[in-house]
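Taking it in order: structure first as structure tokens, then the write-up.
The values are calculated or read from the model by the stated rules, or taken from the named source; none is laboratory data. All of these numbers come straight from a predicted model, not from anything done at the bench. Here the Cβ is made from the backbone with ideal geometry for all residues, glycine too, and neighbour counts use every protein chain on show. Note: areas computed on protein heavy atoms with side chains; ligands, DNA, RNA excluded. Shrake-Rupley method; radii C 1.70, N 1.55, O 1.52, S 1.80 Å.
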Protein chains: 4
Amino acid sequence: MDDIIITEHEKPQLHRPVLIEGLPGVGNVGKIAAEHLVDELKATKFLTIQSKYLPPQVLVGDDGVLRLVGNEMYYYKRKGKTASDIIFLVGDYQGITPEGQYELSYRALQLLERHRLQRIYTLGGYGVGRIVEKPRVLGAATSAELVEEMRRHEVVFSKGEPGSGIIGASGLLLGLAGQWKVPGVCLMGETSGYFVDPKSARRVLEVLVAILDLKIGYGALEQKAQQIERLTAQFKEAEKAIADARAEDLRYIG
Amino acid sequence: MDDIIITEHEKPQLHRPVLIEGLPGVGNVGKIAAEHLVDELKATKFLTIQSKYLPPQVLVGDDGVLRLVGNEMYYYKRKGKTASDIIFLVGDYQGITPEGQYELSYRALQLLERHRLQRIYTLGGYGVGRIVEKPRVLGAATSAELVEEMRRHEVVFSKGEPGSGIIGASGLLLGLAGQWKVPGVCLMGETSGYFVDPKSARRVLEVLVAILDLKIGYGALEQKAQQIERLTAQFKEAEKAIADARAEDLRYIG
Amino acid sequence: MDDIIITEHEKPQLHRPVLIEGLPGVGNVGKIAAEHLVDELKATKFLTIQSKYLPPQVLVGDDGVLRLVGNEMYYYKRKGKTASDIIFLVGDYQGITPEGQYELSYRALQLLERHRLQRIYTLGGYGVGRIVEKPRVLGAATSAELVEEMRRHEVVFSKGEPGSGIIGASGLLLGLAGQWKVPGVCLMGETSGYFVDPKSARRVLEVLVAILDLKIGYGALEQKAQQIERLTAQFKEAEKAIADARAEDLRYIG
Amino acid sequence: MDDIIITEHEKPQLHRPVLIEGLPGVGNVGKIAAEHLVDELKATKFLTIQSKYLPPQVLVGDDGVLRLVGNEMYYYKRKGKTASDIIFLVGDYQGITPEGQYELSYRALQLLERHRLQRIYTLGGYGVGRIVEKPRVLGAATSAELVEEMRRHEVVFSKGEPGSGIIGASGLLLGLAGQWKVPGVCLMGETSGYFVDPKSARRVLEVLVAILDLKIGYGALEQKAQQIERLTAQFKEAEKAIADARAEDLRYIG
């Protein structure tokens, strides 16, 4: 079989589009953010990607109907002559091997060649190993000019963060885009890394919609965030209970 | 060498065949079920698949004669003009890498293209982590119509089961079959996942033969089930003994 | 680079050759046996195999000179018109992935196609997890006739041994040889699996030279065996000391 | 995408060049040494290698600008007609699979074919598992003559060191260079393997610059070495404190 199987549902004509990528990753921040945007903008699916670089797996819906795992592209046409249309890259998984990561990112860029991307925004989480009250949105960009532009939108560029660079599609799409001379930026919402993190995803989205001059609601995201909030509250209580118990122990011992 | 080596022993002409897949997996439910059906129907082997995606291994028979591991296809011609003939896909192993899984499933579908499959039944186990007295047969299908049809045959479609989807050939064959517009269903027998499970395989077969309007005996399967039954009885006794011993311990401590 | 790089040092004309394979494996039985035979017969190297399926490694000799790991083929021409010449396949490593195993075995058979192999003997160890005083030589063959022939040479064919079949080149060469209709047998010396085992290798060789009607000395092998014998004696003493100490403990407790 | 993507920034004409390789490895000795030499000689980057055999990762600079991980080649032209020019191979990572290791090393040699390399020096660390006060520089070479030549430059050739050979690019480049008949030597600085080791890198460089008749400063390397020296001093103190504490414990128990 072909390493990557592309199914085109539609061939949209797009005006100076930007690409927004949000695939699973740390805290699923990028996936949650990008899929929320797809829902809010009622973007249209135009392309499905299936591949042996993805897990050999089908997912089963609540109706008992199965579908092969894949990535999908959506588009959203904007009104007005000046605004860029938007393409979304979302999906169930990232490539499961380093080679698969490269091949899938490269192919996505190749597929979008004819649309002449103006810019790429990749969305992800930045795991810090502790619960974050007010997540920052960190950035990394393909040029110093873009770094400056992003700073004006509250994106934080912090020396040594992320120390290990950016692993996976959010990094590769930008790293490989140089072959097509497409500039781009990675927006990373701070997150514990312990939970899926809709709150961090919301912060990333707030920055992104300001950059792109979009208007969206956050209702669905807010609901998910509250569910997770309850979970993390329980988690913190449990942590405190354990800490208290230990202090108690030490008192007896002392 | 070719990634997949096909040896055709015969080129059968088949009437509107359905494919039944049963390869090793959870509780070996699918393999046991499909191979029992091959035996009962005295199906004819017509194709052998060897591949570098399978383990680098030969198996040694009781007579000391070895053979390379592989997958095989069998056919069974049914009497009457209306009934579908049956093709079986069985074997020693599934592909041992994700890539191998995709390639082997895709190739199997490609090989069967000329037979114009009417439907695919993939058989497997659904591991629940505890010993199951009366295994249900869960399902997942390629369309809502097929889900409805299967429900009428006591196949259970249960929201959130299997939660992680279906991994391996039983999923992939159905997920990839969309490329050939072949509908299909996965029948999963509930099983502990601790033992090979002929009882679960029998339940899957009972559902399947009802769907296909076949008649088979279960003698051989019953024997295997009784052997396993004895094993699981010992297992449960051991569990009980450990639990009793613990209770005893606690009484002393208390 | 090519997946497999072949360097031919010589193009020997061989008379009805048989292939003897001895690559690293359980107890290094096959490697020790085959390399001893190469030394004793003063066989001539005619072909080197290097490959990305082998470890990315060079070995350094006592003289400080390095060489890339590889496999090698040697030949030995026998006097007389009736006896078969011998080809040896030996080397530093087996393929390090399942795919590599298949590719290397297949290629070896392909390379030898023009020599029209009469038979293949693959040599290996059969690990039993305990120290073996008198190692048996177990067998598996490509046909029932060959099983019978081998039985007459003290090769043991024992139902259920080896239970998991034969993994690696010793199995694959025979399993794939069916494509060229070359018969073959795997000779496995019983071994603990804890040490390299020249004693087991000697037993395999004794059987093999009887089959092939060769005459060789065992001096070098005997020396290695004595070294290992001393090691295993120490091992057994240590085992006994531990067992005695435990018995002592129990007496106190009792 | 191509397995390996080459970007040539310049096509230098070089005089009888030698290749110096220093990629990440044990103690990062080779990488530190080669990159220090690149800096000191102000060598010019002429080629970038990106590949799916490297991690799917971008690195982020202190300025927030990202770049895809890769390997790079630099050249340094020497004055005078007799001296060899120098090519450097340095980078962020080595290939992350055995196959990738082979492909990247082979490709590097292929790329340099037209420069007719006179010799290859690969630089690495030799991990000994303890802190080394005066690191030796061990060697392995492609011929006995080269071993002799290196001995005259204080390179130590020690029977059984390194026992397991040389793994990775430092070995493969030399092992594969035989295909182009290019001789070479691996210089390995003794190192604990616990820390990056600029001191060991300096010793390797001292040997190398003597061989190549170069003059360089060691200021930057000295600074790094002092930082690490402080770290290892703390490490040794901690080790001693633990040992003392244990001795104390034993006294009480005794």
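Taking the stated definitions as given, is D:Thr97 free of Cβ contacts under 8 Å to residues at least 24 places away in the same chain and either in contact with an Asp or Glu (Cβ under 6 Å, 6 or more places away or on another chain) or β-branched (Val, Ile, Thr) (or both)?
no
Taking region B:82-100 as the region of interest, how many residues are under 15 Å from the mean Cα position of the chain (by Cα), within 14 Å of chain A (Cβ to nearest Cβ) and either closer than 18 Å to B:Ala43 by Cα or surrounded by 22 or more Cβ atoms within 10 Å (Cβ to Cβ) (or both)?
Qualifying residue count, region B:82-100: 2.
Counting only residues that are closer than 21 Å to C:Val209 by Cβ and part of a loop (DSSP other than H, G, I, E, B), which one in region C:109-131 is most open to solvent (accessible area, probe 1.4 Å)?
Filtering first and then ranking leaves C:Gln118.
Yes/no per residue for (1) under 15 Å from B:Tyr121 (Cβ atoms); (2) surrounded by 24 or more Cβ atoms within 10 Å (Cβ to Cβ):
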{"residue": "B:Pro183", "(1), (2)": "yes, no"}
{"residue": "B:Leu187", "(1), (2)": "yes, yes"}
{"residue": "B:Tyr194", "(1), (2)": "no, no"}
{"residue": "B:Arg202", "(1), (2)": "no, no"}
{"residue": "B:Val207", "(1), (2)": "yes, no"}
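Filter region A:35-62 for residues that are in contact with a Phe, Trp or Tyr (Cβ under 6 Å, 6 or more places away or on another chain), over 20 Å from A:Glu10 (Cα atoms) and of a type in the set (D, E, K, R) and give the result.
Within region A:35-62, just A:Lys52 meets the criteria.
Among the residues of region A:66-94, write down those that are free of Cβ contacts under 8 Å to residues at least 60 places away in the same chain and closer than 13 Å to B:Pro98 by Cβ.
Scanning region A:66-94 gives A:Leu68, A:Val69.
So which residues in region C:158-167 are charged (D, E, K, R) and more than 7 Å from chain B (Cβ to nearest Cβ)?
Hit for region C:158-167 is C:Glu161, nothing else.
Taking the stated definitions as given, is D:Gly163 closer than 20 Å to D:Ile20 by Cα, over 17 Å from the mean Cα position of the chain (by Cα), small (Gly, Ala, Ser) and assigned to a loop (DSSP other than H, G, I, E, B)?
no
I want to confirm something. Restricting to region D:13-70 and keeping residues that are out of contact with any strand residue (DSSP E or B) (no Cβ under 9 Å at 6 or more places or on another chain) and within 14 Å of another protein chain (Cβ to nearest Cβ), which single residue is least open to solvent (accessible area, probe 1.4 Å)?
Within region D:13-70, the match that is least open to solvent (accessible area, probe 1.4 Å) is D:Asp63.
Looking only at region A:91-113, decide whether some residue is in contact with a strand residue (DSSP E or B) (Cβ under 6 Å, 6 or more places away or on another chain) and among the β-branched types (Val, Ile, Thr).
No, there is no match, as no residue in region A:91-113 is in contact with a strand residue (DSSP E or B) (Cβ under 6 Å, 6 or more places away or on another chain) and among the β-branched types (Val, Ile, Thr).
Need the failing condition index for D:Ile216 against (1) within 14 Å of another protein chain (Cβ to nearest Cβ); (2) in contact (Cβ under 8 Å) with a residue 60 or more places away in the chain, just the number.
(1)
If a residue has to be of a type in the set (A, V, I, L, M), farther than 18 Å from D:Leu104 by Cβ and either touching a Leu at 6+ places or on another chain (Cβ under 9 Å) or in a strand (DSSP E or B) (or both) to count, how many in region D:1-42 make the cut?
Final tally of qualifying residues: 6.
Taking A:Gly168 as meeting all but one of (1) open to solvent by 80 Å² or more (accessible area, probe 1.4 Å); (2) under 17 Å from the mean Cα position of the chain (by Cα), write down the number of the exception.
Among (1) open to solvent by 80 Å² or more (accessible area, probe 1.4 Å); (2) under 17 Å from the mean Cα position of the chain (by Cα), A:Gly168 violates only (1).
Among the residues of region C:170-186 satisfying the criterion of being touching a residue at least 40 places away in the same chain (Cβ under 8 Å) and more than 8 Å from every other protein chain (Cβ to nearest Cβ), which is farthest from C:Val26 (Cα to Cα)?
C:Trp180
Assuming A:Val207 fulfils every condition listed in (1) of a type in the set (A, V, I, L, M); (2) assigned to a helix (DSSP H, G or I); (3) at pLDDT 95 or above; (4) farther than 27 Å from D:Asp62 by Cβ apart from one, which condition is it?
Checking A:Val207 against (1) of a type in the set (A, V, I, L, M); (2) assigned to a helix (DSSP H, G or I); (3) at pLDDT 95 or above; (4) farther than 27 Å from D:Asp62 by Cβ, the one that fails is (4).
Name the single residue, out of those in region A:233-242 being modelled with pLDDT of 75 or more and not β-branched (Val, Ile, Thr), that is farthest from the chain's Cα centre (by Cα).
In this case the residue turns out to be A:Ala241.
Could you list all residues from region D:134-157 that are in a loop (DSSP other than H, G, I, E, B) and within 8 Å of another protein chain (Cβ to nearest Cβ)?
Matches in region D:134-157: D:Thr142, D:Ser143, D:Phe157.
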